[in-house]
Amino acid sequence: MNFGFTEEQELLRAEVRKFLDQNASLEEVRKIVESDEGFDRHLWNRMAELGWIGLTMPEAQGGMGLGFETFLVVLEETGRSLFPSPLISTLLAARAIERFGSEAQQARWLPGLANGETIGTLAVLEESDDWSSSGVRLEGKRDGGETILSGAKHFVPDAGNAGLFVVAYRSGADPEAVSLAVVEEGADGVAAGHLPAMDLTKRLGKLDLDDVRVADDALLAADWAGVQSLIDLGAALVTAETVGAAERALEITTEFAKQRIQFDSPIGRYQGVKHPLAEMFVDIESYKSLVYYAIWAIDAGDDVAPLAVSRAKAYVSETFPMAGISGVQLHGGVGFTWEYDIQLFLKRGKWMRPMFGDADYHYDRIADLGGL
């Protein structure tokens, strides 16, 4: 099994890096996140033109039909720049429609997602903040040829910018009777908006559904196992993006340690600084291997994918937030201030830790999947 990237994938990485260096320096990212939308619509459209948004979507619907191993290259670079965009959210919505939608449903929604005209997102969490099937309390009540949804979804990625929501709802009394419905912005009873968050590069919001009528042709043929596979994919993609963020945080802190002079010597010469940096490096290399394997397992449709994803997400959820804390501490009293970039990575760690399950959730799942 070879986890080395191909020449084509490395060329893609170079192009993404060049694009982000020219358009999304951390200085520019600070400006972008202060806008109402929280991302740059012009850059989003350019990414669509370059084919990055539709990279894994079917060719028949305007995508490129490539695997997540290739998309991983894009995510590592966007993570390195803390690039604010609804990329992961849109991909998850598209994946749900691709896997569980009919040909007519795919033709209806995927082209708009692939070309960037429509921003999509997956809405699962509710007030309980429970990623298991029991956490889905939103009931779908049948009325003729329609399903009525009334309730709220919390912590929905990019909710305030989305034009399409793939919503998990309860479709029966069985604990795992959970299905998916596609709800479009502008439909009667649909309201969504941003919520205050620590990490401004990652917008979260709330979706309110007030007697929203969903026709049968907007229901996807998914069950709880299908919803769980989307949660797993989200966890893997967030972890992949974190690899790039962690590497950049280590680079920033290492460079600071080389330049900061204390007692007539760069602080990087002291063991109290060297050791935390070495631990950060070891952690990054460890969860890099774990997430590469998880992405491969998802692409291959291997039965080990859920376990591989939980291993990767558990590790990164535990170690990357600590890396952010160490980075700020090694910067000394200035590390937490707005002028220094390292505080942005600390905030990213606070965002990614609970997304698609925190460390405790995934360690418990590892035990369950391992029969413990």
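Quick rundown of the values:
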{"read-out": "Pick from the range 274-283, criterion free of Cβ contacts under 8 Å to residues at least 40 places away in the same chain and closer than 22 Å to Leu75 by Cβ, ranking: surrounded by the fewest Cβ atoms within 10 Å (Cβ to Cβ)", "value": "Val282"}
{"read-out": "Number of positions in the range 41-57 that are in a loop (DSSP other than H, G, I, E, B), within 16 Å of Gly120 (Cα to Cα) and touching a residue at least 24 places away in the same chain (Cβ under 8 Å)", "value": "5"}
{"read-out": "Residue list for the range 241-273, restricted to those being farther than 30 Å from Val74 by Cα and assigned to a helix (DSSP H, G or I)", "value": "Gln259, Ile267, Gly268, Arg269, Gln271, Gly272, Val273"}
{"read-out": "Unmet criterion (only one of (1) under 25 Å from Gln22 (Cα atoms); (2) modelled with pLDDT under 95) for Glu127", "value": "(1)"}
{"read-out": "Which numbered condition Leu92 fails, given (1) within 14 Å of the chain's Cα centre (by Cα); (2) in a loop (DSSP other than H, G, I, E, B); (3) within 18 Å of Phe356 (Cβ to Cβ); (4) not basic (Lys, Arg)", "value": "(2)"}
{"read-out": "Hits in the range 303-335 - residues which are outside any helix (DSSP H, G or I) and surrounded by 14 or more Cβ atoms within 10 Å (Cβ to Cβ)", "value": "Val304, His331, Gly335"}
{"read-out": "Given (1) in the same structural domain as Lys206 (by TED's automatic domain parsing); (2) in a loop (DSSP other than H, G, I, E, B); (3) under 15 Å from the mean Cα position of the chain (by Cα), index of the condition Pro84 fails", "value": "(1)"}
{"read-out": "Lone qualifier among Glu251, Glu247, Glu285 - being under 13 Å from Tyr315 (Cα atoms) and either β-branched (Val, Ile, Thr) or out of contact with any Ser or Thr (no Cβ under 7 Å at 6 or more places or on another chain) (or both)", "value": "Glu285"}
{"read-out": "Some residue of the range 253-264 being farther than 19 Å from Lys347 by Cα and among the small types (Gly, Ala, Ser)", "value": "yes"}
{"read-out": "The range 64-81 - residue that is among the hydrophobic types (A, V, I, L, M, F, W, C) and under 17 Å from the mean Cα position of the chain (by Cα) and, of those, surrounded by the fewest Cβ atoms within 10 Å (Cβ to Cβ)", "value": "Phe68"}
{"read-out": "One residue from Ala181, Ala152, Ala168, Ala104 being under 28 Å from Glu34 (Cα atoms), over 17 Å from the mean Cα position of the chain (by Cα), not in a loop (DSSP other than H, G, I, E, B) and not assigned by TED's automatic domain parsing to the domain that holds Leu230", "value": "Ala152"}
{"read-out": "Failed criterion for Thr78 (all others in (1) outside any helix (DSSP H, G or I); (2) of a type in the set (Ser, Thr, Tyr); (3) modelled with pLDDT of 95 or more hold)", "value": "(1)"}
{"read-out": "Subset of the range 342-355 (residues that are surrounded by fewer than 21 Cβ atoms within 10 Å (Cβ to Cβ) and more than 19 Å from the chain's Cα centre (by Cα))", "value": "Gln343"}
{"read-out": "Gly244 vs. criteria within 30 Å of Trp338 (Cβ to Cβ), in contact with a Leu (Cβ under 6 Å, 6 or more places away or on another chain) and at pLDDT 95 or above", "value": "no"}
{"read-out": "Matching residues in the range 356-372 - criterion: being assigned to a loop (DSSP other than H, G, I, E, B) and within 17 Å of the chain's Cα centre (by Cα)", "value": "Phe356, Gly357, Asp358"}
{"read-out": "Residue that is surrounded by the most Cβ atoms within 10 Å (Cβ to Cβ) [pool: residues in the range 234-258 that are in contact with a strand residue (DSSP E or B) (Cβ under 9 Å, 6 or more places away or on another chain) and touching a residue at least 60 places away in the same chain (Cβ under 8 Å)]", "value": "Gly234"}
{"read-out": "Index of the failed condition, Met64 passing every other in (1) touching a Gly at 6+ places or on another chain (Cβ under 6 Å); (2) free of Cβ contacts under 8 Å to residues at least 60 places away in the same chain; (3) closer than 14 Å to Leu220 by Cβ", "value": "(3)"}
{"read-out": "The listed residue being in the same structural domain as Arg13 (by TED's automatic domain parsing) and not charged (D, E, K, R), out of Leu110, Leu125", "value": "Leu110"}
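A quick yes/no check of all residues on (1) within 20 Å of Asp40 (Cα to Cα); (2) in contact with a Phe, Trp or Tyr (Cβ under 9 Å, 6 or more places away or on another chain); (3) surrounded by 23 or more Cβ atoms within 10 Å (Cβ to Cβ); (4) in contact (Cβ under 8 Å) with a residue 40 or more places away in the chain:
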residue	(1), (2), (3), (4)
Glu103	no, no, no, no
Trp109	no, no, yes, yes
Thr121	yes, yes, yes, yes
Ser128	no, no, no, no
Ser134	no, no, no, yes
Asp143	no, no, no, yes
Ala162	yes, no, yes, yes
Ala173	no, no, no, no
Val178	no, yes, yes, yes
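The values are calculated or read from the model by the stated rules, or taken from the named source; none is laboratory data. From a predicted model like this one, the values you see are computed outputs, not experimental measurements. Note: ideal-geometry Cβ built from the backbone for every residue, glycine included; neighbour counts use all protein chains shown.
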